[in-house]
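*Asks:* Have a look at the structure that comes next, please.
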Amino acid sequence: MKLLNNLDLTKNQLLNAVLQTLAQAPTDPISGQVYYNSADKRVYVWTGAVWLAMDAKDASPTAVSIVNAINDGTAMIEISKIKDLVTKLSAANIVATINDGTENINAERINGLANALDGANIVSKINDGTSKIDINKIDGLEEKLTPDKIVDSVIASDKTIPTNKITGLDIALAGKVTDQEAQNKANTALQQAKEFTTAEINKLINGAGEAYDTLKELGDLIQSNKGVAEALTTQIGKKTDKFVKVIGDGTSKEFTVNHKLNTQDVIVAVRENTAPFDVVLVGTEYIDENNVKINFAKAPEQDKYKVIVIG
């Protein structure tokens, strides 16, 4: 929620307050701005030139400050000055570390592996061997062999399948109607629809009094009462409506309320759903004529608040 003015507490205490928590410094800071860095667990203030930590942690060298000094500097450390580093970097230790770890090495970084994994070499080894590859070990194969994919492939191809290769197709086609039979049925259905429509129109007109038994007379009647209908519609449109919804699920911080009042000129209030039913200040966005978005800093508990929209 944005506060567009200074907040004067008139020398009262600010209770249970938490500084803005970020993993990295805010952009475009102003002098005196503070925040809590969740990465290094420190509070910083912007001096106008740098972010200065508000503690004495850097008063003496720490492991972090030493590493930062090494990484940010230009001097190099002799490998012999790092205990056991030469031993740890031996070929045997490197291979053991790779095999025991969870990370993989990119294939292109192993000399000669790309040639050994050439498609022709792999296919040749598979075809010459006696073992078979499980279908589920070939990515996408099962998906490509689904009925829908096979049908799509047949349709996209310029090849055709003989009807006698599709079980039951010849029999099924034998029972289908011809184009002429289909046209005859369509003509019959159209004629029946025309007759039914004529009969229904006659019922509508002939059921009215003599003064209103033609479409023109009915049109004249509607036109003569147009002003009354418009006035009634206007008065109905002026009626104030209310929409109420209970929100809160313990997870979401934002809730879109669809009030269906067809106007953005609405009043939105949020209060507690149980006693003492206090009104709370939340972020409110008027999305469009039928929706408002309610924003919380923390996800409210299940059914914690009630939203009232009047408009």
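*Asks:* Would you pick out the residues in the stretch 22-71 that are among the basic types (K, R) and at pLDDT 85 or above?
*Replies:* Initially, the stretch 22-71 is screened for residues among the basic types (K, R), giving 41-42, 57.
Answer for the stretch 22-71, where residues must be among the basic types (K, R) and at pLDDT 85 or above: K41, R42.
*Asks:* Right, next: Can you say whether N273 is modelled with pLDDT under 95, exposed (fewer than 15 other Cβ atoms within 10 Å of the Cβ), touching an Asp or Glu at 6+ places or on another chain (Cβ under 9 Å) and not β-branched (V, I, T), as far as the supplied structure shows?
*Replies:* no
*Asks:* Taking the stretch 90-120, which residues are surrounded by 10 or more Cβ atoms within 10 Å (Cβ to Cβ) and at pLDDT 75 or above?
*Replies:* S90, N93, I94, V95, A96, T97, I98
For every residue, the table says whether it meets (1) closer than 23 Å to N290 by Cα; (2) surrounded by 10 or more Cβ atoms within 10 Å (Cβ to Cβ); (3) modelled with pLDDT under 70.
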position: L169; (1), (2), (3): no, yes, yes
position: D179; (1), (2), (3): no, no, no
position: K203; (1), (2), (3): no, no, yes
position: N206; (1), (2), (3): no, no, yes
position: E254; (1), (2), (3): yes, yes, no
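The values are calculated or read from the model by the stated rules, or taken from the named source; none is laboratory data. Keep in mind the model is a prediction, meaning the values are calculated, not measured. For neighbour counting, all protein chains shown are included, and Cβ atoms are generated from backbone atoms with ideal geometry for every residue, glycine included.
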